[in-house]
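Here's the structure, in structure tokens; my notes come after.
Derivation of every value follows stated rules applied to the coordinates shown; laboratory data play no part. Keep in mind the model is a prediction, meaning the values are calculated, not measured. Every residue, glycine as well, gets a Cβ built from its backbone with ideal geometry; the counts of neighbours run over all protein chains shown.
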Amino acid sequence: MSQNDITNILVCGIGGQGVMTATEILAEAAIAEGHDVKKTEVAGMAQRGGVVTSHLRFGRKVLSPQIEPGTVQVLLGFEGAEALRWSHYLRPDGLALVNNAKLVPPVVELGLFDYPVDPTGQMRAAGHRVVSFDAMSIARDLGEVRLGNTVMLGAIADYLPFAPDVLLACIVKRFARKGEQVVDANRRAFAAGREAVAKQLAPA
Amino acid sequence: MAAVMSQLSNPLAPPPAASRLLLSGNEAVARAVWESGVRVAAAYPGTPATEIIESVARYPDLYAEWSVNEKVSMEVALGASMTGARAFCAMKHVGLNVASDCLMTMTITGAYGGLVIAVADDVGMSSSQNEQDSRYWGRFAHIPVLEPADSQEAYEMTKFAFGLSEQYETPVLLRLTTRICHVKGLVVVGEREAHEPAGFVKNPQRWVMVPAHAKARIPGLYQRDETLRGVSDASPLNVLEAGTDRSVGFVASGPAYMHVKEAFPNAPVLKLGFSHPWPPEKMRALAAMCDKLLVVEETEKLLETEIKAAGIACHGKDVLPSLGELSPQVLLPAVDRLLGKAVPPPAPAAAPMKVFPRPPTLCASCPHMGMYYTLSQIKNIIVAGDIGCYTLGAGHPWNALDTTICMGATMGVALGIDKGRGAVDKNKRILAVIGDSTFMHMGMQGLLDITYNHGNVTVLLLDNNTTGMTGGQATPASGKDIHGKEAPKVDLVKIVEALGVPNERIQVVDPYELPVLFKAVREEIKIEGPSVIIARRPCVLTDEFKPFRPYLVEEDKCTGCGNCVEVGCPAIHVTHRDKVIKPSGKEVDLAFVTIDSQACTGCGLCVQPCAPDAIQHVPRRDIPIHIVKTSHAS
């Protein structure tokens, strides 16, 4: 298999959460590092509260845009149950970074299905390495819930095959025209995301 | 949505030649359309092809339109080609069914200015009612088919297609799939070349397709097929890769090629970019160099049958599925089976976890919710449905639609149910649901058929002023064109009236007012003859929608009746459940609720069935800031 030099990142969540934008920024960072990149887009019905996944593959030369189950290095989950849904894509030494958000769909509210009691716990029990954190409260503490996506990107920044600053530069570029204040807020959100993961993964 | 529209109204300065851009297949096709000097580009939105024309429309120096349906888009492209202009249309697979009447004769007239049709198959069915294989149209219509495998190829093949079209005077079919349209990859782009139309030349033998003229031209189609077979053999789009492990050789096109290379990097492969007519000499050369030949094609057994008919032994659908994508995960065990190897069971870690399904659902404040809640509460009705966001009304909690077939089918189906029903259904009322964009696409004829043939159907025209499911594109009734600029606004009431519905049987109602909806539906289904209820509110994903003051649940007042849950709003959440025994002895389930006030945009639908008045406005001081900025004073 030619997958050896390919990095597989799976970003998952729900329509409207910003999954595709986050993956787009990760892709820009990989391109800035000189990688060949393929990224899937999920559109159509997914925007109506449905499941959204974005596959990002980069390396010397990427062929298939699809990630195969059991081959993901980093899973970036925007929602607990969605991270659990795609956890079989992780390879044995893979890492799941999961936002604690719980978004309950109408089929569960109607009593037709149950929401898992502890999605990340279930992932850990299955042997996956999982770090979970509350990106939205981190963002709220920074004064703006819309910073949640940048917190998510900060969370993954230290687990990419390139320096966190490469990713940060792409975020800064994206927000540059919104002014220094917005850029600074995003820098803080990025740093907070990095810290949220680092403090759990660092040895006690 | 706001961002999209503002971009559409201001054409981009296109990135310069030699730029290396991260583009989706759709965006890559659009760039190539612009670079090829196309003058006219037309489409009706349809997943996964929608973004092609959306992107084309952002380029300068060309005309782009949202057509009312795919057939018209193709006719517009053909007309432009007749003047010598380069022309383009794009559609999803089922759109080509609609356009096929034009296609099957346009292939006889042939193209004058380069004429390319991009058709996107929804392999894997992410957002379609069927999974059909558009490569058949190449055979049926005697036109060449090109199949890119990624964004760079989508860009290159689109440019190649215009030249091919002009050289052989043939329309060219560019076959895409979801995995091309919606995958982003790096594309190195080039310069735009201008193409001034050579001018329309009066030539009835070519352009007036009466039997005598068509008969004279049809032998040319067969001749063209033969010529193109040779072109295909010589084409650099068809590459024979020798490989080193010759136990199995592969024939593959489109995304399937990438999957084959991923799974079997050392195998011989005939990569088909120019896939119809396929190259006979290269195919024989591949067959000669490997022990077994496997045709990897999404979705039908098409090439395989043709290759076998040409006397070349091969495998295909005997080991591969005809449904869905042929990813490495599917290919690896299939080849093991082909080679008689034991197929190892999948590792336990690779088995998916059991998680509740998360089907797409209507948005908070979606105006369709009011209508479906109403229908879910009325008994003895048969409701025909159609294609759009409102197809979701077939799902929970409403279960309000009984049929969905294809664009515009609802009224013909409803009329057929009306005319066909026997004694067992005679007391039922027949309704047809359709959206505004679908109505203008293919629905108007169905309504005309109802009125002309004394049908007894109540039509619910859900007018949200946009093509919702594909992301909120403009329609003739929205008063906007593809660039978001003002366009004549078609009056749906006048259309309905002109189609023969008596004025007193047309009601325009507010779908946020449940009592009004109930009254209108009950009234109209009682009366014999056709009637139309137009439920009018803008789609919540468009700029036109302005949120209202959000609601919350006063939890001490909530009695757990669950009425509001039946409305189906995704902003309503159950906090806890209980059971009570009524004095009658009947056990009743209770569901106590809360409202996510961040998601609520205040349509008030849930307030109306709430018996204890537990749903109240959020105090002004607590209204989320994004709502304060934009909301109505309420």
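Below is a table of values for the structure above.
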| read-out | value |
| --- | --- |
| Amide H within-cut-off set for B:Gly435, under 5 Å, with H built and near neighbours excluded | B:Leu462 |
| Fraction of beta bridges assigned by DSSP in the protein assembly as shown that are antiparallel (%, nearest 5) | 40 percent |
| Exercise: per-residue mean of other protein chain Cβ atoms within 10 Å, A:58-67 | 6 |
| Efficiency of FRET from Cβ geometry, B:Lys519 and B:Phe356, R₀ 56 Å, rounded to 0.05 | 0.90 |
| Length-normalised contact order for the range B:519-615 - Cα pairs under 8 Å, 6+ apart - percent | 33 percent |
| Near-label residues of the range B:238-263 by backbone N, under 12 Å of a point 7 Å along Cα→Cβ of B:Ala288 | none |
| Cβ-based charge dipole, the protein assembly as shown, positive-most Cα from B:Ala80, B:Leu237, B:Gly529 | B:Gly529 |
| Charged-residue dipole, Cβ positions (Lys, Arg, Asp, Glu), the range B:27-133 about Cα centre, Debye nearest 20 | 320 debye |
| Within 10 Å of each Cβ in B:258-266, the average number of Cβ atoms from other chains | 4 |
| A:Lys102-B:Ala309 FRET efficiency (beta carbon distance; Förster radius 45 Å; 0.05 resolution) | 0.20 |
| Label-zone membership for the range B:247-289, site B:Lys301, 7 angstrom Cα→C-beta point, backbone N under 18 Å | B:251-252 |
| ³J(HN,Hα), Karplus 6.51/-1.76/1.60, whole Hz, each residue of the range B:181-190, x for Gly, Pro | 4, 10, 9, 9, x, 7, 10, 8, 9, x |
| Nearest-20 debye value, the range B:238-329 charge dipole, Cβ charges on Lys, Arg, Asp, Glu | 220 debye |
| Residue-averaged [θ]222 nm for chain B, counting only DSSP H segments that reach four residues, each worth -39500 (n - 2.57) | -9500 deg cm²/dmol |
| Interchain or long-range residues, amide H under 5 Å from B:Val295's placed H | B:Val251, B:His315, B:Gly316 |
| Listed residues A:Gln17, A:Gln181, A:Gln122, most fluctuating in chain A (Gaussian network, C-alpha, under 10 Å) | A:Gln181 |
| Those residues of the range B:353-377 whose amide nitrogen sits under 12 Å from the label point placed on B:Asn399, 7 Å along Cα→Cβ | B:376-377 |
| Gain on full stretching of the segment that runs from B:Arg621 to B:Asn503 - 0.36 nm per residue minus C-alpha separation | 37.8 nm |
| Cβ-placed point charges (K, R +1; D, E -1), dipole of chain B about Cα centre in debye, nearest 20 | 480 debye |
| Peptide ranges B:275-286, B:374-385 listed from the most packed, as the mean C-beta count within 10 angstrom indicates | B:275-286, B:374-385 |
| Length-normalised contact order for chain B - Cα pairs under 8 Å, 6+ apart - percent | 11 percent |
| Relative contact order computed over the range B:292-443 (Cα-Cα under 8 Å; 6+ residues apart), in percent | 17 percent |
| Cβ-Cβ FRET estimate between B:Met104 and A:Asp141, R0 fixed at 51 Å, reported to 0.05 | 0.20 |
| Cut-off of 10 Å, at most 16 other beta carbons, DSSP loop: longest stretch of chain A lacking such GluC sites (Glu not before Pro) | A:34-143 |
| Label-point gap, in nm, between B:Ile378 and B:Glu554 - each point 7 angstrom along Cα→Cβ | 3.4 nm |
| Selection from B:Thr107, A:Thr53, B:Pro344 lying farthest towards where the dipole of the protein assembly as shown points positive, charges on Cβ | B:Pro344 |
| Full-extension gain in nm, B:Lys426 to B:Ala194, via 0.36 nm per residue minus C-alpha separation | 77.2 nm |
| Cut-off under 5 Å, modelled amide H: who pairs with A:Val98 long-range | A:Gly77, A:Val131, A:Ser132, A:Phe133 |
| Dipole of the range A:78-168, positive direction: furthest Cα of A:Leu153, A:Trp86, A:Val166, with charges on the beta-carbon | A:Trp86 |
| Estimated inter-spin distance, B:Lys494 and B:Lys317, nm [label 7 Å along Cα→Cβ] | 5.0 nm |
| Between the range B:477-512 and the range B:19-92, the alpha-carbon center distance in angstrom | 27 Å |
| Peptide A:97-110 - average C-beta neighbours from other chains (10 Å radius) | 5 |
| Sorted peptide list for B:573-584, B:49-60, B:547-558, criterion being average Cβ within 10 angstrom, highest first | B:49-60, B:547-558, B:573-584 |
